[in-house]
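The values are calculated or read from the model by the stated rules, or taken from the named source; none is laboratory data. This structure is a prediction, so every number in the text was calculated from the model and none was measured. Note that we place each Cβ from the backbone using ideal geometry, even for glycine, and neighbour counts take in every protein chain shown. What goes into the accessible areas is simple: the full protein's heavy atoms, side chains included, and nothing from ligands, DNA or RNA. Shrake-Rupley method; radii C 1.70, N 1.55, O 1.52, S 1.80 Å.
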Amino acid sequence: MTPEALGQWAEAHVPGFHGLPAVHRFGTGQSNPTFRIEAASGDVVLRAKPPGPLLRKAHQVGREARVMAALAGSGVPVPAILAQVEDDASPIGRAFFVMEYVSGRVFADPALPGVSVADRGAVYKAMARTLAALHAVQPSAVGLEDFGPPSGYFARQTALWARAYRASSTDVSADMERVEAWLAAELPQEEGAACLLHGDYRHDNMIFASDAPQMRALLDWELATRGPALADLAYQVAQWRLPHDCAMAGLGGLDRADFGLPSDADYVAAYTADDSVIRHWRFALVFSLFRLAAILAGVGRRAADGQGPNADRGRLYGQLVPVLAALALDETRRKADDP
């Protein structure tokens, strides 16, 4: 990617853009490469498909741009989409979009070090409120009534991620096979109404104001679709099962009360007072752990193939697959079906 070629394209397609840009890659992501573009007219962000062979239907940056553009003005904080281009017209040889640059804090650690105890609770409340606001958006009201099938989410996604896991793994885990069989046997017959799902609702996909526990932008919509609200909520909570001292830090091993962080039940209560939303809670947690394991297997495979932006971190993420499979298997043995 040469700054000159990109600058010429941006001046023709991004409103108000001018001045030879400098290009800096954000190094933390493991999927679609993201760059900060600095120019005389101000900073913008470019998000592109990765190079190399890709899994079918993966890395669809056009879907990301579409859902963010649709949510503008909805109450869900998203960067403004400024321009996008498909592969055949791209100055970098692959599809990308350009969006507004949003400044603020990104929390790499869910324990929120450096944040006051009082503000930690407020950050979690802001996350819960934003997720509830997203799920309250009617897909048809923002032109996304075709953004994924209206039913059958868990069956479809279980099959999808089982295939993706096998495509990424040279040594299929017996624990993953057991979890997959449990999911097939316990599949809910009724999921509830389909809403918009973020698909990767994590603390490090959010930008918070530098001086307040207020979310300014929700990023990384690559896995967005339609489905039951429970899927997003359980996925976020499931990540906290991971140990705090691993590559993808969870909250495992921490006393949350000492850190000013909510319990799972308190977080769910901050999201909703409607118990019907969390029916099939145990199933959704097991599914979420299985799904995250499949995602990280793909990250590990791309790192091994030299395709990831940070090969060392990608390999560490890949090593979490058996940890997540074991957590999912443990969850299948629980009796309670509530947070």
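Computed quantities for the displayed model
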item	result
Efficiency of FRET between Glu86 and Ser210 - r from beta-carbon atoms, R0 41 angstrom, step 0.05	0.70
Overall form of region 195-259 per C-alpha gyration tensor (a/c, 1.5; a/b vs b/c)	oblate
Mean projection area, nm², convex hull over Cα of region 204-339	9.6 nm²
Environment charge at Ala136 (Cβ cut-off 15 Å; Lys +1, Arg +1, Asp -1, Glu -1)	0
Nitroxide proxy distance, nm - points 7 Å out along Cα→Cβ at Glu100 and Asp171	4.8 nm
On Cα atoms only, tilt of 3-13 relative to the major axis of the chain in degrees	90 degrees
Kirkwood-type radius of the chain, with distances r between different C-alpha atoms, in Å	20.8 Å
Per-peptide average of other Cβ atoms within 10 Å, ordering 76-86, 210-220 highest first	76-86, 210-220
Per-residue ³J(HN,Hα) for region 221-227, Karplus 6.51 cos²θ - 1.76 cosθ + 1.60, θ = phi - 60°, Hz, x for Gly and Pro	9, 4, 9, 5, 6, 10, x
Spin-label model distance (nm) - Asp274 vs Thr2, 7 Å beyond Cα toward Cβ	5.5 nm
Residues whose placed amide H lies under 5 Å from that of Arg216, excluding near-sequence neighbours	Ile207, Phe208, Ala209
In order through region 179-186: 3J(HN,Hα) via Karplus (6.51 cos²θ - 1.76 cosθ + 1.60), integer Hz, x for Gly, Pro	5, 4, 5, 5, 4, 5, 6, 9
Rg over Rh [alpha-carbon atoms, Kirkwood Rh] for region 114-212	1.07
Cα coordinate range in region 71-134, projected on the principal axes (Å, largest first)	50, 26, 16
For region 41-154, the spread of Cα positions along each principal axis, largest first, Å	50, 39, 30
Alpha carbon convex hull of region 160-269, volume per residue in cubic angstrom	164 Å³
Relative contact order for region 138-244, counting Cα pairs under 8 Å that sit 6 or more residues apart, in percent	31 percent
D_trans [Stokes-Einstein, Kirkwood Rh over alpha-carbon pairs] for region 249-303, 10 °C, 1.306 mPa s, µm² s⁻¹	116 µm²/s
Residues in region 157-196 that a label on Asp330 would reach, taking backbone N under 20 Å of a point 7 Å out along Cα→Cβ	173-183
Portion, in percent, of the accessible area of the chain that falls on carbon or sulfur, probe 1.4 Å	51 percent
Distance from region 309-339 to region 183-209 (C-alpha centre basis), Å	16 Å
Asp312/Asp146 FRET efficiency (R0 30 Å; Cβ-Cβ; nearest 0.05)	0.15
Rounded accessible area per residue of region 59-179, 1.4 Å, Å²	44 Å²
On Cα atoms only, tilt of 281-304 relative to the major axis of the chain in degrees	40 degrees
Gain in span if fully extended, Asp255 to His18, counting 0.36 nm per residue against the direct Cα distance	80.3 nm
